[in-house]
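Notes to accompany the following structure.
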Ligand code: NDP
């Protein structure tokens, strides 16, 4: 182990000690730190100014009680979080996740990743993330509204268009953003569209924001395929999840000539050999808020595999779009064995370190989340631009901007990997490229 690597190992040990029990955060930090040896060897000023140690420590962490009443009038208590990780490049920016698994370690892993992702977009945004252990599943509309109002009654004092701009993530879509925006407006008596992104189209939202993460991830995979003189045309694809990211990944893959045969949720997998009927999935998930199991009620030829593993279905392109650590080493090996040539992560950190190693060793095109799913936050930044200019752009114009951003992220990661002697390694490319821009800004800002 070289001197620099030893120093970085020491920094990682310090992170473990300072953040006990936060395993997802540890995993996200290790994955970035493992790429940084050659960078700090070239830039001794980053070591001197303790940039890595400072990047691993959030600038601010807010934890708060969220009391609300269910429809029976019973008092419920959840926990709310907002971790403002790094503002070197702009206001904190990152989504809110409502899911029962949420605790500080999840929000910190997401916030940490978000910093590098936002840097990669080339737009002026810092990194943050938030959420709650509230489970929207099975709640009525009124319950979701009361929860969102209580959540915002604390959060409002920490956010603002130049400070911190939250958006959606798992369990937070247009409905939740609407309720939170309404409460923010009511408390502050200010109509400030720039305070949240993912808003409705008639009140400050941007066209393409709903589609952005899925479309962006697919554009990124398309670039990886192009770099290998290949394309989506005729490729069999599987997409995990059936939420916002999964739905628009399936849509764009289909537009680019691929065939999606499977999607999933936390209960099971739908396999439709003929190609998924996306209109039906949208109707079930976006309009009726039902489960994908109901797909087979009208499509008898399709199979529902309860508790199934989507990665066992042979495909050429896999796009994990559900949650963290959904592909383990064994799943990754199965994918490669079955002929998978490209993996694009719509979800954040969906592949375990063992799985990542399998993909890198097999030299398939592997696009890590912080690069591949950056289209969502990039379009959020475009929404902020439109809000600031009191403007609204057409779908075509916004989608073209998103595509250009994804092409740019791909080429930056690709070229950085080559420059650092690891051609084709998008993990290294994304980590280094994202890090250097933040590190330079932090050096310029002095010790803050
Ligand atoms: P949604 O809530 O719209 O959908 C999430 C989907 O993933 C659902 O189908 C859900 O199934 C499934 N899922 C969630 N948790 C689990 C779990 N523990 N095990 C199995 N399946 C699970 O969220 P999004 O589509 O917005 O987010 C999906 C991923 O994309 C997340 O990793 C998120 O961080 C990432 N992402 C999202 C962005 C965005 O713009 N929305 C931007 C960048 C990344 P079920 O209904 O059964 O829970």
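The values are calculated or read from the model by the stated rules, or taken from the named source; none is laboratory data. Just so it is clear, the model here is predicted, and its values are computed rather than measured. Here the Cβ positions follow ideal geometry from the backbone for every residue, glycine too, while neighbour counts run over all protein chains shown.
Looking at 172, 221, just one residue is at pLDDT 95 or above, away from the ligand (no atom under 14 Å from the Cβ) and surrounded by 24 or more Cβ atoms within 10 Å (Cβ to Cβ), and that residue is 221. Only residues that are surrounded by 15 or more Cβ atoms within 10 Å (Cβ to Cβ) and within 24 Å of residue 366 (Cα to Cα) were counted across the stretch 377-400, and they come to 4.
Every condition in (1) away from the ligand (no atom under 16 Å from the Cβ); (2) in a helix (DSSP H, G or I) is met by residue 421 except one, and the failing one is (2).
In the stretch 165-177, the residues that are without any contact (Cβ under 8 Å) to a residue 40 or more places away in the chain reach residues that are more than 7 Å from the ligand (Cβ to nearest atom) with C-beta atoms within less than 7 angstrom, at least six apart or across chains, in these pairs: 174/198; 174/200; 175/144; 177/196; 177/198; 177/199.
What is the one condition in (1) within 16 Å of the ligand (Cβ to nearest atom); (2) closer than 24 Å to residue 246 by Cβ that residue 330 does not satisfy? If we test residue 330 against (1) within 16 Å of the ligand (Cβ to nearest atom); (2) closer than 24 Å to residue 246 by Cβ, just (1) comes out false. Looking at this structure, is residue 109 part of a helix (DSSP H, G or I), touching a helix residue (DSSP H, G or I) at 6+ places or on another chain (Cβ under 8 Å) and on the phi < 0 side of the Ramachandran plot? Spelling it out, residue 109 is indeed part of a helix (DSSP H, G or I), touching a helix residue (DSSP H, G or I) at 6+ places or on another chain (Cβ under 8 Å) and on the phi < 0 side of the Ramachandran plot.
Looking only at the stretch 55-68, residues that are in contact with a strand residue (DSSP E or B) (Cβ under 6 Å, 6 or more places away or on another chain) and assigned to a strand (DSSP E or B) come to 8 in all.
Does the stretch 365-384 contain at least one residue that is closer than 25 Å to residue 323 by Cα and more than 14 Å from the ligand (Cβ to nearest atom)? Looking for residues that are closer than 25 Å to residue 323 by Cα and more than 14 Å from the ligand (Cβ to nearest atom), one finds at least one in the stretch 365-384, hence yes.
Do you know which residues across the stretch 231-242 are in contact with a helix residue (DSSP H, G or I) (Cβ under 9 Å, 6 or more places away or on another chain) and either buried (at least 20 other Cβ atoms within 10 Å of the Cβ) or touching a residue at least 40 places away in the same chain (Cβ under 8 Å) (or both)? Correct list: 232, 235, 237, 238, 239, 240, 241, 242. Exactly one residue out of 319, 406 is within 21 Å of residue 122 (Cα to Cα) and in contact (Cβ under 8 Å) with a residue 40 or more places away in the chain, and it is 406. Taking the conditions (1) under 19 Å from residue 366 (Cβ atoms); (2) more than 13 Å from the ligand (Cβ to nearest atom); (3) buried (at least 24 other Cβ atoms within 10 Å of the Cβ) in turn, residue 245 satisfies each one other than (2). Here residue 193 passes the criteria (1) surrounded by 22 or more Cβ atoms within 10 Å (Cβ to Cβ); (2) more than 16 Å from the ligand (Cβ to nearest atom) except the one numbered (1). The set of residues in the stretch 392-407 being in contact with a helix residue (DSSP H, G or I) (Cβ under 8 Å, 6 or more places away or on another chain) and either within 15 Å of the ligand (Cβ to nearest atom) or over 23 Å from residue 435 (Cα atoms) (or both) consists of 392, 393, 398, 399, 401, 402, 405, 406.
The set of residues in the stretch 279-313 that are crowded, with 16+ Cβ neighbours inside 10 Å, assigned to a loop (DSSP other than H, G, I, E, B) and more than 13 Å from the ligand (Cβ to nearest atom) comprises 299, 302, 313. Considering only the stretch 89-99, state which residues are surrounded by fewer than 24 Cβ atoms within 10 Å (Cβ to Cβ) and either over 19 Å from residue 23 (Cα atoms) or more than 9 Å from the ligand (Cβ to nearest atom) (or both). Listed by number, the residues that qualify are 89, 90, 91.
Here is a yes/no grid of residues against (1) touching a strand residue (DSSP E or B) at 6+ places or on another chain (Cβ under 8 Å); (2) in the same structural domain as residue 285 (by TED's automatic domain parsing):
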position: 110; (1), (2): yes, no
position: 114; (1), (2): yes, no
position: 177; (1), (2): yes, no
position: 185; (1), (2): no, no
position: 205; (1), (2): no, no
position: 218; (1), (2): yes, yes
position: 223; (1), (2): no, yes
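Scanning the stretch 2-29 for residues that are within 22 Å of the chain's Cα centre (by Cα), surrounded by 16 or more Cβ atoms within 10 Å (Cβ to Cβ) and assigned to a helix (DSSP H, G or I) yields 24, 25, 26, 27, 28, 29.
Looking only at the stretch 253-278, which residues are within 16 Å of the ligand (Cβ to nearest atom) and either touching a residue at least 40 places away in the same chain (Cβ under 8 Å) or surrounded by fewer than 16 Cβ atoms within 10 Å (Cβ to Cβ) (or both)? Across the stretch 253-278, the qualifying residues are 253, 262, 263, 264, 265, 266, 267, 268, 269, 271. Once the stretch 333-346 is narrowed to residues that are within 16 Å of the ligand (Cβ to nearest atom) and either outside any strand (DSSP E or B) or at pLDDT below 95 (or both), the residue that is surrounded by the fewest Cβ atoms within 10 Å (Cβ to Cβ) is 345. Inside the stretch 204-214, residues that are in contact with a helix residue (DSSP H, G or I) (Cβ under 6 Å, 6 or more places away or on another chain) and either farther than 21 Å from residue 165 by Cβ or within 10 Å of the ligand (Cβ to nearest atom) (or both) make up a count of 5.
The number of residues in the stretch 357-393 that are more than 17 Å from the chain's Cα centre (by Cα) and within 22 Å of residue 426 (Cβ to Cβ) comes to 9.
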